[in-house]
Amino acid sequence: MNHLDKLEAQSVYILREAYREFKNLCMLWSIGKDSTVLLWLARKAFFGHVPIPLVHIDTHYKIPEMIAYRDRVALEWNLNMIYGENRAALDARQTFPDGNTDRIVCCRHLKSEALKRTLSGEWPRYRMDHELKRYVPDDKREPFTGVIVGVRADEEGSRSKERYFSPRDSANSWDVGDQPPEFWNQFKTDFAPGTHVRIHPLLDWTELNIWEYIERENIPIVSLYFNQGGGTRYRSLGCAPCTNPIESPSRTVREIIEELESGLLANVAERSGRAQDKEDGGLETLRRDGYM
Amino acid sequence: MSTETIDRVLSRSRMNIVIVGHVDHGKSTVIGRLLADTGSLPEGRLEAVRESCLRNSRPFEYAFLLDALKDEQAQGITIDTARCFFKTASRDYIIIDAPGHIEFLKNMISGAARAEAALLVIDAHEGIRENSKRHGHMVAMLGVRQVTVLVNKMDLVGYSEEAFEKLKAEYTAYLRQIDVEPVSFIPVSAREGDNIAERSASMPWHDGPTVLGQLDLFTTGRELHEKPFRLPVQDIYKFTGSGDDRRIVAGTIEAGTIRKSEEVLFLPSGKRSVIESIESFNTERKEAVSAGEPAGFTLSTQIYIRPGEIMVRPGDLLPEVGTRFRANIFWVGRVPMSKEKEYKLKLGTARATVRLAEIVNTLDAAELNLSQGKQQLDCRDVGECIFETTRPIAFDLASRNETTGRFVIVDNYEIAGGGIVLENLSGGETLLERHIRERERHWETGSVPTVERERVNRHRSKFIVITGPPGTGKRALSRELENMLFRNGCSTYYLGMATMEHGIDSDLRVNEKNVEERLRRLGELARIMTDAGMIFITAIDDADDYDIATLKLLNDPHEILVVTVGRNDLQNAAPDLHLEEISDIVEAIERIANLLTLREIIVDYQI
Ligand SMILES: Nc1nc2c(ncn2[C@@H]2O[C@H](COP(=O)(O)OP(=O)(O)OP(=O)(O)O)[C@@H](O)[C@H]2O)c(=O)[nH]1
Ligand SMILES: [Mg+2]
């Protein structure tokens, strides 16, 4: 087995453990490359099927191609696709693009808060109806107790300390100083009422591994990652107002791999296009209260 | 893709390395330095850390490259393990930086348990400390076979060869006591960069590898492929809802290789079948699969198996099956492990209820002193203990097959200990047998003798269990049987499972952990009903050998009668009666009634 086979095996094992142990399980799909690889790994684990609902938090500021791609793939792969949102903040214009908050607060409203309330079932969820081919209100309101997330340890310092199965209390907060042990292939699959567990099958993958795997498996990826002729492409996807493309000539997966291997991007952090990381406190603060 | 790049991607391997040792001996610094000296850091990262140190007016530390948490930087220690991605020309590495502080032992273990090799750091100036020893011992217990010792801070002892040799001799002697033979000893100064990525000019006397060189010298074990085949069954999938009729047995192969058309055996159930196909998604059709691969199989016959069983090849050396075993265990739970409590055991994909039966001895992992007579395992104790599960499980001895020979113990939702199996001790009295012995000793009988009851009732008592797959008409049959017996003057009662679930069992959540408790309550109830002279009837889905044996034991000294419907899943003891299907309920009842007459439970009957 080469390094990709080993990574795949580990992730599949984790996905199957999660599916076996959690009754109310979901998987977050941000449409980005990592969570799309995760979705593909679910098809690997379950022999072509995705028996887990996918949850997308729609900030309504996503780059439009992302939403189009999401809905196309959802229909094509017969996904149980659900989205949630922070309707109140959007209606009250409590966002950064509206000029009423800074970036961090905007993230907190449109992402952390929306995520928390969508997972708990307090706020409405919308589910893709495969017959009508559009979203309808979902009547299932049970909280999700297992949430599969595509974070990678190489992305940033606090993520390098994550467990594969990481408990969060009812307030969604993460106690980094006192994480439960995890030995061999045994994970935290038991949890007290009122808590939930985040599951991280991609922890051991690097950005390069993700692209190598996309190439090997021929996974369809949203076109924003590629230079369409203008000499720029996105390296990490988020909301349009806070995400900038990087300068890069790469038009194909192969060219991205070569670009990463050449070290040309070594002086640019992966999330450098994401403006909210730069504000003080940054990601550890956001992550401690529930940000992915 | 060019063939050259394909070759490169295909041949690349990866390895996890853990770095351990006493607090402040320089683990994080070693890794930070290694990353910096090999140009593995993103540009500007080092400068950013330097700047931030300057801004906060504190000395620069390479360790800050890894100790990313605010609390870690504030206290200057590692709290939780960090993964660092690192590559050399020949391999990809994840280097796991473990904390050295005793309080974070569980984090250190979490890191070390997924490593294939370990770097153990000892401060040359401070010498061997408590956790230098404890970590050495833990690493060996966790199954890490390759250990290199880094004697760090050589700058503080004047790069003295003598100091190095002295420490080396002392620590080698310790490792010998715990049966560990280190791969190498390397004198380093992490802060100055000596023998990390570059050979040290200050220690020309060292002729071994640098740390960087040593990493590529570690080997990845291939021997797993040659071992007897083991597949802990993780789940059984059937996605009928999505129009897929395959029934797939899924799991990751822990050892060996298996091919299509081979015969397989499931333990502990003892069921057999043949591999019909090997299933996968987006790959070529597979004819064989080996250790490490996540796999899926369809079988040529429809047998009922449960997650947690081990699929093996009948001709191989078989795993052990039992309820009692001796193991080495370490405990990191907040609350001590006691003999009074029930715990959950997770071994491979199996889960079972387990009790600590006996503490043979405990070991002070720092000093290697054995002590006897402890009544509980305290946090950070290492001990040799005897465990008993309520239900039989399949496992290997760790000496034969590591991955199916180790387990964790869950206490109050959290993994609190881990261990490796040394010996199968099954065969003696089980927990259930002991319980029944005790129960019978205290059983309080009324003043009506059994024979009197039988004379008045004109029949003997019996516990009738009707079992088989769901949807075979067992319940209708059971109810009709009750009706017929009653009309023939018998004292009889049919107990529905829904009655149990919403009554006696209403305090139990519906999940696999409670299957055993449900079974126990049913068996205890049967003991009472049969004692009352009744013919007590119940229908349960998919009972296996263990379920039947348990009910039989619990109902003892009264008798049980087992009827299987649709499919007979029992391997050990044949059922008293097997009905292929219930096409004619009257005929089915007649067959049961005949049997009851034959066995002299009832005298005669009329349908
Ligand atoms: N003189 C000298 N000091 C060193 C050397 N290596 C590390 N140190 C210092 O030792 C102290 C502890 O280093 P760390 O790397 O944080 O130690 P650690 O083993 O990771 O500590 P924990 O993770 O908390 O167990 C720091 O102040 C380092 O600068 C060395 O080679 N020489
Ligand atoms: Mg450290």
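The values are calculated or read from the model by the stated rules, or taken from the named source; none is laboratory data. Here the structure is a predicted model, which is why all the values come from computation and not from measurement. Every residue, glycine among them, receives a Cβ derived from its backbone with ideal geometry; neighbour counts consider all protein chains shown. For the accessible areas, the whole protein counts, side chains as well, though only heavy atoms, and no ligand, DNA or RNA atoms are used. Shrake-Rupley method; radii C 1.70, N 1.55, O 1.52, S 1.80 Å.
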Exercise for the section: Calculate the spin-label point distance for B:ASP378 paired with B:ASN282, positioning each point 7 Å from the Cα along the beta-carbon direction, and give it in nanometres. Expected result: 5.3 nm
Handout entry: Structure-based [θ]222 nm, the protein assembly as shown - -39500 (n - 2.57) summed over DSSP H runs of at least 4, per residue, nearest 500
Key = -8500 deg cm²/dmol
Handout entry: Over 27 Å between alpha carbons, listed pairs B:LYS341/B:LYS374; B:LYS271/B:LYS462; A:LYS116/B:LYS238; B:LYS87/B:LYS133; A:LYS44/A:LYS188; A:LYS6/A:LYS62
Key = B:LYS271/B:LYS462; A:LYS116/B:LYS238; B:LYS87/B:LYS133; A:LYS6/A:LYS62
Handout entry: Model label zone, A:HIS60; criterion: amide N under 16 Å from point 7 Å along Cα-to-beta-carbon; scope the stretch A:233-262
Key = A:239-241
Fill in the blank from the handout: Computed over the stretch B:321-428, protein heavy atoms only, probe 1.4 angstrom, the accessible area per residue in square angstrom equals 36 Å²
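Grab the beta carbon distance between A:LEU75 and A:ARG254, set R0 = 41 Å, and tell me the FRET efficiency rounded to 0.05. Write down the numbers at each step before the final one.
Values: r = 28 Å, r/R0 = 0.69.
Approximately 0.90, to the nearest 0.05.
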Practice task
Please work out the C-alpha center-to-center distance from the stretch B:259-285 to the stretch A:125-147 and express it in whole Å.
Solution key: 36 Å
Practice task
Just the number, please: carbon plus sulfur as a percent of the accessible area of chain B, 1.4 Å probe, no ligands or DNA/RNA counted.
Solution key: 47 percent
Completion exercise
For the stretch B:231-312, the Cα-Cα pair-distance distribution in 5 Å bins from 0, as whole percents, is 3, 15, 28, 30, 16, 6, 1
Problem - Two-site FRET efficiency, B:THR499 against B:GLU47, from Cβ-Cβ distance with R₀ of 56 Å, rounded to 0.05 - result: 0.20
Problem - Span from the the stretch A:6-45 Cα centroid across to the the stretch B:171-247 one, whole angstrom - result: 26 Å
Completion exercise
Largest-first semi-axes in Å of the equivalent ellipsoid built from the Cα gyration tensor of the protein assembly as shown are 53, 36, 25
Practice task
Quick one: work out the % antiparallel among DSSP beta bridges in the protein assembly as shown, nearest 5.
Solution key: 60 percent
Practice task
Could you run the numbers on buried accessible area between B and A, total for both chains, 1.4 angstrom probe, in Å² to the nearest 100?
Solution key: 6100 Å²
Exercise for the section: Looking at chain A, send over the antiparallel percent of its DSSP beta bridges, to the nearest 5. Expected result: 55 percent
Handout entry: Dipole in debye (nearest 20) - chain B, about Cα centre, beta carbon charges: Lys, Arg +1; Asp, Glu -1
Key = 520 debye
Handout entry: Computed accessible area, A:SER262, all protein chains, 1.4 angstrom probe, square angstrom
Key = 70 Å²
Exercise for the section: Run the quick spin-label model on B:HIS578 and B:VAL451: label points 7 Å from Cα toward the beta carbon, then report their separation in nm to one decimal. Expected result: 3.9 nm
Practice task
Hey, can you find the accessible area per residue of chain A for me, probe 1.4 Å, expressed in square angstrom?
Solution key: 35 Å²
Exercise for the section: Report the residues of the stretch B:12-30 in range of a label on B:HIS125: point 7 Å along Cα→C-beta, backbone N strictly under 13 Å from it. Expected result: B:24-26
Problem - In nm, spacing of pseudo-spin labels at B:THR88 and B:HIS225 (7 Å Cα→C-beta vector) - result: 2.2 nm
Exercise for the section: Enter the accessible area of B:HIS442 (Å², nearest 10), with the probe set to 1.4 Å and all protein chains included. Expected result: 120 Å²
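In the stretch B:454-607, what percentage of the DSSP-assigned beta bridges are antiparallel, given to the nearest 5? Write down the numbers at each step before the final one.
Working: 1 of 20 bridges.
Bridges in the stretch B:454-607 are about 5 percent antiparallel.
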Practice task
Anything losing 20 Å² or more of accessible area from the isolated chain to the full protein assembly: pick those residues out of the stretch A:12-31, probe 1.4 Å, ligands and DNA/RNA ignored.
Solution key: A:TYR13, A:ARG16, A:GLU17, A:TYR19, A:ARG20, A:GLU21
